[in-house]
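What follows is a set of notes on a single structure, which appears directly below.
Read-outs: derived from the displayed coordinates by stated rules, not from any lab. Keep in mind it's a predicted model, so treat the numbers as computed, not measured. Here the Cβ positions follow ideal geometry from the backbone for every residue, glycine too, while neighbour counts run over all protein chains shown.
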Amino acid sequence: MAERACPRCKYVTFEKVCPLCGTETSSNWTGLIVVIDPDESDLANELNINSPGRYALKVRK
Ligand SMILES: [Zn+2]
């Protein structure tokens, strides 16, 4: 089973619905970044990521 990503917050998950924002996830995504400490990460800041986890760079619906 392929992993999916949320088109809204970019969170990567196996769920069909994003556990963070409740948006339906997509299997069409590219790029993966891992955020361990969002408060200390400039990239997380730039992407508006507030929770640790794995995120996609691009998500298509
Ligand atoms: Zn989401």
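Taking 4.7 Å between C-beta atoms as the pairing limit, the chain has these partnerless cysteines: C9, C21. For Y11, neighbours were defined as the other residues whose beta-carbon sits under 14 Å from its Cβ, and their charges (Lys and Arg +1, Asp and Glu -1) total +3. The string of couplings for region 52-60 from the Karplus curve (6.51, -1.76, 1.60, θ = phi - 60°) is x, x, 10, 10, 8, 7, 10, 10, 10 Hz, one whole number per residue in order, with x for Gly and Pro.
Every Cα-Cα pair in region 4-60 was counted, and those over 18 Å apart are 23% of them.
For region 14-31, putting each phi into the Karplus relation 6.51 cos²θ - 1.76 cosθ + 1.60 with θ = phi - 60° gives couplings of 8, 6, 7, 10, 4, x, 8, 10, x, 7, 5, 8, 10, 8, 9, 8, 9, x Hz, in residue order, rounded to whole numbers and with x for Gly and Pro.
Among the GluC sites (Glu not before Pro) found in the chain, those both in a DSSP coil and sparsely packed, with 14 or fewer other Cβ atoms within 10 Å of their Cβ, are E3, E15.
Put a plus charge on the Cβ of each Lys and Arg, a minus charge on the Cβ of each Asp and Glu, and nothing anywhere else: the dipole of the chain about its Cα centre is then about 480 debye. In the chain, which chymotrypsin sites (Phe, Trp or Tyr not before Pro) fall in coil by DSSP and have 12 or fewer other Cβ atoms within 10 Å? Within the chain, the qualifying chymotrypsin sites (Phe, Trp or Tyr not before Pro) (loop, at most 12 other Cβ atoms within 10 Å) are F14. By the scheme Lys and Arg +1, Asp and Glu -1, what is the net charge of all other residues having a beta-carbon under 10 Å from that of G31? Residues close to G31 contribute a combined charge of +2. In order along region 37-46, the phi-based Karplus estimate (6.51 cos²θ - 1.76 cosθ + 1.60, θ = phi - 60°) of 3J(HN,Hα) comes to 10, x, 5, 9, 10, 5, 5, 4, 4, 4 Hz; Gly and Pro are listed as x.
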